[in-house]
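Input: a single structure, listed below in structure tokens.
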Amino acid sequence: MKKTWFITGASRGLGRIWAETALSRGDQVAATARTVADIADLSERFGDSVLLLALDVTNAEQVKQVVAEAHAHFGKLDVIINNAGYSLVGTVEEAAEADVRALYDANFFGTLRVIQAVLPLLRKQGSGHILGVSSSLAIAAMPLIGFYCSTKWAIEGLHESLAKEVKAFGIKVTMLEPGAYATDFGSPKSLKMAQGMDVYADLRKRVVGGLQNTERGEPQATANAILKVVDAENPPLRFVLGSQTIPMARATYAERLATWGEWEAVSNAAQGTSRKHAPSSS
């Protein structure tokens, strides 16, 4: 059956590819971007199958209005992809608190706003699939982009809880965990740079050099994968995009399990004498 998608951050990168993928197979898409002009060509190519909407996910009222408009226009929303976001580059010591708050406002609270706006509609439908764009960096963080990584760790916790809360309503939840792709995510449009400190200059040079030499996947190759996930009767809660993340995850968790095991006796001793604690009646 024809599906109706709602995609944030559809102007470029993976969000753009997924919007085009859905439209190309005959689905309907409410494509959102900060500036409609950036996605105007979609209307020229796909006509009435696409609804172009200006959306700044940091604007709570606009999120509510745009979600309602998309639902009213198409009569339903089946696939919700929260893709809008950017990265803040800087060490934990370097970044200004205001910049960190702004990052969370877009990456985390922007996602939350869309989810809270669509949930009443999906519950009434008795169906729907919410996909949050996380990252391989939610499995293992990197220096210099720790704040971006932390937003993705927050996204993971949010969606894991959400999946358990809405399963009974027929709503599915998936976290998309892309590795490195050859998109313009590293461009000035998707990055904010913190004021660098000389003491971290060597670290910055090593990390940036490593990122420049990282093999990156072909963005268009994600198209069929996304269709398989949204068409699956029982989609995964977590879905990795790319071939590099799963080996990294195996190594990361092996190291964590080894460390937990090494300290297990101390951890167990910290339990003390277990007992059930009855909640207060007050």
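The values are calculated or read from the model by the stated rules, or taken from the named source; none is laboratory data. Note that the structure is predicted; figures quoted are calculated from it, not measured. Methodologically, a virtual Cβ is constructed for each residue, glycine included, from the backbone with ideal geometry; neighbour enumeration extends over all protein chains shown. Quick note on the areas: whole protein, heavy atoms, side chains included, nothing else; ligands and nucleic acids left out. Shrake-Rupley method; radii C 1.70, N 1.55, O 1.52, S 1.80 Å.
Evaluate segment 150-167: report whether one residue or more is among the acidic types (Asp, Glu) and under 11 Å from the mean Cα position of the chain (by Cα).
yes
Hey, which of the strands (runs of 3 or more DSSP E) in segment 1-112, taking only ones fully inside, have at least 1 residues that are surrounded by 22 or more Cβ atoms within 10 Å (Cβ to Cβ), out of contact with any strand residue (DSSP E or B) (no Cβ under 6 Å at 6 or more places or on another chain) and in contact (Cβ under 8 Å) with a residue 60 or more places away in the chain?
Ranges flagged: none.
For segment 120-136: of the residues being open to solvent by less than 30 Å² (accessible area, probe 1.4 Å) and part of a helix (DSSP H, G or I), which is nearest to PHE6 (Cα to Cα)?
Filtering segment 120-136 for residues that are open to solvent by less than 30 Å² (accessible area, probe 1.4 Å) and part of a helix (DSSP H, G or I), the one nearest to PHE6 (Cα to Cα) comes out as LEU122.
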